[in-house]
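Asks: Dropping the structure in here first, questions after.
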Amino acid sequence: MKTIFIDCNQQLGAVWQRVHRADDPAVTINTQPFDKSELPRVVGDHEIVIDDHSYMPTDLVRQCRNLKHIVFLGTGAASYMTVAEIEALGVKVHTIKGYGDTAVAEQTIALMMAACRDLARMDRSIRAGTWQPLEGMQVLGKTLGVVGLGGIGMEVARIAKGMGMNVIAWNRTPKPDAGVPLVELDALLQQADVVSLNLVLNDETRGFIDQARIARMKPGVILVNTARAALVDEAAMLDALRSGHIRHAGLDVFHNEPLKADHPLASMQNVTLAAHAAFRTLEASMTLLRRAIDIVKRVQS
């Protein structure tokens, strides 16, 4: 079966060279950017597509006549395609879990600290010629609420406990090995000084943090999202950031990526932005691409 990696960037290309072995299936590597409408042309007659983070609308996938498998590099395929519709066309969507739990958790903690200490704002000010020390929030003894206690959430909790934070968590299903107190969601929102979103995105969690749930958060809360932007009602979050109800947001994910320069988030001083890079470490990328190749090998056998 013919395979193409449709959106291999320079960084992943270097990692690919390290993990692809001589006995692995041949894969066509496309490094040229393309418009979403060009998807059928790029896929061509390939039967397997490896997709980093390109949007794959159902109507365009339907035009890819030979396509049988999409190997999405990560867990968030639902943010880039309607999985049920695509699988109804006879195209199997494969996702890859657990490859970067530590990497994403470390980015979560980094964004939390940057938000608590206003690091990005001071960096911008200094570069612009203004020296303005800002008062931050100390995390020792503060309460971190982890929403979603999967592999990433567990890592976030582990690191935060080591920093002396009081960690509580909410999970959609029972978690007997949680290692931290599990509380009702409303209690978490009301108690947490920092809320970390680590849920998967699906039909049940889309818009999960809505206006009502944001209103239940402690005034001055720090919100960190390294999961999926669609977990949050963006308009409600923007209102809460403007009012100061959310003191600061650390965001690695956005409703439309890349984030446009004229988006309201890009001009807010109380938001720290990252370019959907939480999982981008060499260690995580090597594991991710190796697992993608192994999926290709399996479906070809």
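Asks: Given the condition farther than 21 Å from residue 118 by Cα, among the aliphatic types (A, V, I, L, M) and in a helix (DSSP H, G or I), answer yes or no: does some residue in the stretch 262-284 qualify?
Replies: yes
Asks: Of the numbered conditions (1) within 18 Å of residue 108 (Cα to Cα); (2) of a type in the set (A, V, I, L, M); (3) touching a strand residue (DSSP E or B) at 6+ places or on another chain (Cβ under 9 Å), residue 159 fails exactly one; give the number of that condition.
Replies: (3)
Asks: Something else about it: Looking at the stretch 142-162, is at least one residue outside the structural domain of residue 82 (by TED's automatic domain parsing), over 23 Å from the mean Cα position of the chain (by Cα) and of a type in the set (A, V, I, L, M)?
Replies: The answer is no; no qualifying residue exists.
Asks: With the structure loaded, tell me whether residue 152 is in contact with a helix residue (DSSP H, G or I) (Cβ under 6 Å, 6 or more places away or on another chain), within 30 Å of residue 289 (Cβ to Cβ), surrounded by fewer than 21 Cβ atoms within 10 Å (Cβ to Cβ) and not basic (Lys, Arg) or whether it fails that test.
Replies: For residue 152, the condition - in contact with a helix residue (DSSP H, G or I) (Cβ under 6 Å, 6 or more places away or on another chain), within 30 Å of residue 289 (Cβ to Cβ), surrounded by fewer than 21 Cβ atoms within 10 Å (Cβ to Cβ) and not basic (Lys, Arg) - is not met.
Asks: Identify the residue in the stretch 7-33 that is part of a helix (DSSP H, G or I) and of a type in the set (Val, Ile, Thr) and, among all such residues, is nearest to residue 280 (Cα to Cα).
Replies: 15
Asks: Just to be sure before I move on: is residue 129 at pLDDT 95 or above and under 30 Å from residue 269 (Cα atoms) in the structure I sent?
Replies: Answer is yes for this residue.
Asks: Sticking with this structure for a sec: Please verify whether the stretch 219-233 includes one or more residues that are basic (Lys, Arg) and buried (at least 21 other Cβ atoms within 10 Å of the Cβ).
Replies: Within the stretch 219-233, one or more residues are basic (Lys, Arg) and buried (at least 21 other Cβ atoms within 10 Å of the Cβ).
Asks: One residue is enough: does the stretch 22-42 have a residue meeting the conditions closer than 16 Å to residue 298 by Cβ and surrounded by 21 or more Cβ atoms within 10 Å (Cβ to Cβ)?
Replies: No: zero hits.
The values are calculated or read from the model by the stated rules, or taken from the named source; none is laboratory data. The structure displayed is predicted, hence computed values, not measured ones. Cβ coordinates were reconstructed from backbone atoms using ideal geometry, including for glycine residues, and neighbour counts include every protein chain displayed.
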